[in-house]
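The values are calculated or read from the model by the stated rules, or taken from the named source; none is laboratory data. Quick caveat: nothing in here was measured; it's all calculated off a predicted structure. No Cβ is skipped: glycine too gets one built from the backbone with ideal geometry, and neighbour counts run over all protein chains shown.
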Amino acid sequence: MKETEAHVTPAWVLHPDITSDRSRRAAQPALAEAVALAAALPGLEVVGSTVVRLPKPQPRALFGTGKIAELDALFKAQDVELVLVDGPVTPVQQRNLEKAWGVKVLDRTGLILEIFSDRAATREGVLQVEMAALSYQRTRLVRAWTHLERQRGGLGFVGGPGETQIEADRRAIDDQLVRLRRQLDKVVKTRGLHRAARAKVPYPIVALVGYTNAGKSTLFNRLTGADVMVKDMLFATLDPTMRAVKLPDGPEVILSDTVGFISDLPTELVAAFRATLEEVLAADLILHVRDISHSATEEQAKDVRDILNSLGVTNTTPLLEVWNKIDAMDIEAREAAQTRADRDDAVYATSALTGDGLEALLEAVSQILEGDRRVEVIHLGFDEGRKRAWLFQKELVEEETQGETGYSLRVRWSAQEARQFEALK
């Protein structure tokens with residue numbers, strides 16, 4: 001007897017192109033990204049997508065009655081069970097659209113929460129997703145779920161049939177948020193202790209940031225030999241991953257792979273995932289990984305810079321741009337990108353997949369972290385064994401002689417390593 005196959009939910013993606021919004025994104029790339037977001041969620045099959053142009057959102061149901069009727073016919077013809085709206089949808093609009101179409105409706109925030117809840121692996125990630133989802137649900141305690149919920153069994157975290165938060169009142173949600181915050185505080189405190197322990201070593205932190213699906217995890221894996229999930233999909237990495245890496249002819253560093261950024265990141269998630277991005281704030285160097293082959297690479301780069309600014313990352317932290325995926329470009333575009341990168345000391349054209357350009361990038365990382373190395377002779381007493389061991393561990397000692405009162409060591413080091421040495425107790 002064959003096992004029953006898991007139900008696949010036919011979904012349709014809508015991108016409202018609001019013409020009165022001067023800051024709106026180009027419609028077709030935005031729709032393509034929304035489709036890619038939907039494709040990142042298991043159990044969904046995107047059967048179609050549409051850009052809907054409208055002068056301004058209608059307060060009652062987002063779209064006008066004529067467009068709602070037109071879309072209703074389309075959805076019924078395609079047996080659509082879920083409509084994903086690439087933008088904000090108010091609780092009232094969501095309720096009215098679900099009533100008009102007889103399907104479940106998720107807005108951009110709801111979809112991203114679904115993906116995050118599916119991907120969270122660490123205790124911290126799970127807690128942050130739950131808090132973000134509760135904050136989102138608190139604003140929409142509207143009983144608008146249709147018979148569809150019982151049929152499809154729920155997609156995951158947001159609005160599933162066993163989702164007791166949906167039936168709960170705001171007070172119950174607030175109580176749960178308080179409980180989750182306490183748990184998260186403990187987890188964050190533990191991470192803080194780990195960071196403090198690393199600071200005593202101390203290794204420089206190099207943080208990989210970038211738009212989702214820019215190739216950060218592929219680069220991370222190539223540099224560290226780790227096995228971080230790599231897929232051509234949005235938000236393949238959610239929880240932060242860290243590994244120690246010895247740079248060629250350079251220092252040992254801690255490389256941190258972070259959650260991918262995305263335009264219009266829901267405010268609930270910016271707040272909830274601030275702890276996940278704490279490694280970026282503590283970084284000695286940031287590598288902004290860009291998919292330079294993407295048609296919207298400039299817009300994506302601006303979104304990343306805006307989020308870094310909102311997190312409090314200042315210009316005092318060195319930042320290199322890694323123009324990744326040059327292997328995905330044709331020869332002419334690739335040569336043009338390489339030429340542009342060669343003109344800017346802070347830009348490196350690479351392919352994390354093939355390894356092209358990584359040697360030059362790592363040399364630049366070493367140079368920034370170490371600066372110009374200088375030779376000094378220092379004296380240590382016999383009771384300063386810990387400092388002596390640290391120098392040898394870091395491979396900084398060129399020559400050592402022992403005298404009556406201790407050791408004389410000739411070391412070659414950077415200004416940063418000298419400061420780290422002085423900080424040792």
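Side notes on the structure shown:
- Within region 68-79, the set of residues being in contact with a strand residue (DSSP E or B) (Cβ under 7 Å, 6 or more places away or on another chain) and buried (at least 17 other Cβ atoms within 10 Å of the Cβ) comprises F75 only.
- Yes/no for L358 being surrounded by 12 or more Cβ atoms within 10 Å (Cβ to Cβ) and under 30 Å from E335 (Cα atoms): yes
- Residue, farthest from I262 (Cα to Cα), within region 1-37, restricted to residues that are at pLDDT 90 or above and touching a helix residue (DSSP H, G or I) at 6+ places or on another chain (Cβ under 8 Å): T9
- Flag for E363 being part of a strand (DSSP E or B) and not aliphatic (A, V, I, L, M): no
- E384 vs. criteria touching a Lys or Arg at 6+ places or on another chain (Cβ under 6 Å), farther than 20 Å from P251 by Cβ and either of a type in the set (V, I, T) or outside the structural domain of N221 (by TED's automatic domain parsing) (or both): no
- Candidate set from region 308-355 (those that are in contact (Cβ under 8 Å) with a residue 24 or more places away in the chain and in a helix (DSSP H, G or I)); member that is surrounded by the most Cβ atoms within 10 Å (Cβ to Cβ): I326
- Restricting region 404-421 to residues that are within 21 Å of Q367 (Cα to Cα) and loosely packed, with under 13 Cβ neighbours inside 10 Å, the residue that is modelled with the highest pLDDT is R419.
- Members of region 46-81 that are in contact (Cβ under 8 Å) with a residue 40 or more places away in the chain and farther than 20 Å from D264 by Cβ: L71, L74, F75, Q78, D79, V80, E81
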